Amino acid sequence: MTVAVAGVLLSAQVASASTSLPSTNTAHHCVRHTTGVCGWTHHQKPRDKYETAKCQDATLSYSRHSQGTCSHHHGVRYWFK
């Protein structure tokens with residue numbers, strides 16, 4: 001019985017984590033790229049639905065394509081698309 005309760009609690013935490021993503025951001029996966037990591041896996045969220053990446057120097061990026069994103073800002077820290 002204890003195992004069943006723990007399983008319910010675990011599944012509730014997973015469900016709440018997936019609902020915490022912004023509903024207006026259509027891309028909940030990250031670009032596979034040589035620099036930067038997925039913001040979602042590091043509990044980072046974009047400031048608005050248009051932000052696609054956060055640069056190493058904390059500059060926000062709204063680029064439509066991954067190529068060259070944050071190239072003048074020391075590379076990508078977090079991807080949001």
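The values are calculated or read from the model by the stated rules, or taken from the named source; none is laboratory data. It should be emphasised that the depicted structure is a prediction, and the values quoted were computed from it without experimental measurement. Every residue, glycine as well, gets a Cβ built from its backbone with ideal geometry; the counts of neighbours run over all protein chains shown. Side chains included, ligands, DNA and RNA excluded: accessible areas come from the protein's heavy atoms. Shrake-Rupley method; radii C 1.70, N 1.55, O 1.52, S 1.80 Å.
Values computed for the structure shown
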| quantity | calculated |
| --- | --- |
| Flag for C30 being within 14 Å of the chain's Cα centre (by Cα), open to solvent by less than 60 Å² (accessible area, probe 1.4 Å) and either modelled with pLDDT under 50 or farther than 10 Å from K81 by Cβ (or both) | no |
| Matching residues in segment 48-58 - criterion: being within 10 Å of F80 (Cα to Cα) and outside any strand (DSSP E or B) | K49, Y50, E51, T52 |
| Criterion violated by Q56 - all others in (1) modelled with pLDDT of 90 or more; (2) open to solvent by 90 Å² or more (accessible area, probe 1.4 Å); (3) at negative phi satisfied | (2) |
| Candidate set from segment 59-78 (those that are part of a loop (DSSP other than H, G, I, E, B) and surrounded by 14 or more Cβ atoms within 10 Å (Cβ to Cβ)); member that is modelled with the lowest pLDDT | S66 |
| The listed residue being surrounded by fewer than 11 Cβ atoms within 10 Å (Cβ to Cβ) and at pLDDT below 90, out of T35, T19 | T19 |
